[in-house]
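Below is one structure; the comments refer to it alone.
The values are calculated or read from the model by the stated rules, or taken from the named source; none is laboratory data. Everything quoted here is computed from the prediction, not taken from an experiment. Glycine gets a Cβ as well: all are built from the backbone with ideal geometry, and neighbour counts include every protein chain shown. Protein only, heavy atoms only, side chains kept; ligands, DNA and RNA dropped before computing areas. Shrake-Rupley method; radii C 1.70, N 1.55, O 1.52, S 1.80 Å.
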Amino acid sequence: MKGLYTILLLIVSNIFMTFAWYGHLKLQEMKITTHWPLIGVILFSWSIAFFEYSCQIPANRIGFAGNGGPFSLMQLKVIQEVVTLIIFTVFTTLFFKGEALHWNHLAAFLCLILAVYFVFMK
């Protein structure tokens with residue numbers, strides 16, 4: 001169950017992270033934050049990032065083998081990167097209609113799948 005909790009927390013964390021890092025660009029595109037000063041956008045993003053950290057830290061603590069979890073530190077990082085790119089891809093294709101997936105993106109995803117395979121290989 002610790003592995004499942006870890007992955008679910010990483011998914012939630014990365015949803016918040018993606019909105020914190022890239023959501024302000026969509027808000028600017030929608031003319032919501034166009035006239036905000038940069039410090040306002042930063043503070044807005046940091047307020048969202050608080051929730052990212054509130055899920056990321058427990059995910060790492062629960063999932064880390066040193067704390068009784070099922071994953072090594074290297075495995076946790078690779079899982080986190082794969083989750084990040086999946087969430088980012090979904091976010092980008094849903095909210096930024098001008099962005100499209102190309103063959104090289106799919107090739108990169110294949111490399112990530114291989115990274116997961118190799119990091120879990122005994």
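Filtered by the rule that a residue be farther than 24 Å from Gln56 by Cβ and touching a helix residue (DSSP H, G or I) at 6+ places or on another chain (Cβ under 9 Å), region 30-44 gives Ile32, Thr33, Thr34, Trp36. Restricted to region 27-51, and to residues that are open to solvent by less than 60 Å² (accessible area, probe 1.4 Å) and not polar (S, T, N, Q), which residue is farthest from the chain's Cα centre (by Cα)? The residue in question is Gly40.
Go through region 2-57 residue by residue and tally those that are among the small types (Gly, Ala, Ser) and farther than 22 Å from Gly98 by Cβ.
First pass over region 2-57, keeping only residues among the small types (Gly, Ala, Ser): 3, 13, 20, 23, 40, 45, 47, 49, 54.
From the residues that got through so far, the ones that are farther than 22 Å from Gly98 by Cβ too are 3, 13, 40, 47, 49, 54.
So the answer is 6.
Would you point out the residue of region 73-122, among those that are charged (D, E, K, R) and more than 17 Å from Gly63 (Cβ to Cβ), that is surrounded by the most Cβ atoms within 10 Å (Cβ to Cβ)? The selected residue is Glu99. A search for C-beta distances below 8 Å between a residue of region 1-14 that is under 17 Å from Glu52 (Cβ atoms) and β-branched (Val, Ile, Thr) and any residue that is open to solvent by 60 Å² or more (accessible area, probe 1.4 Å) and at pLDDT 95 or above, counting only pairs 6+ apart in sequence or on different chains, returns Thr6/Pro70. Taken residue by residue, region 15-25 has at least one member that is open to solvent by less than 30 Å² (accessible area, probe 1.4 Å), β-branched (Val, Ile, Thr) and assigned to a helix (DSSP H, G or I).
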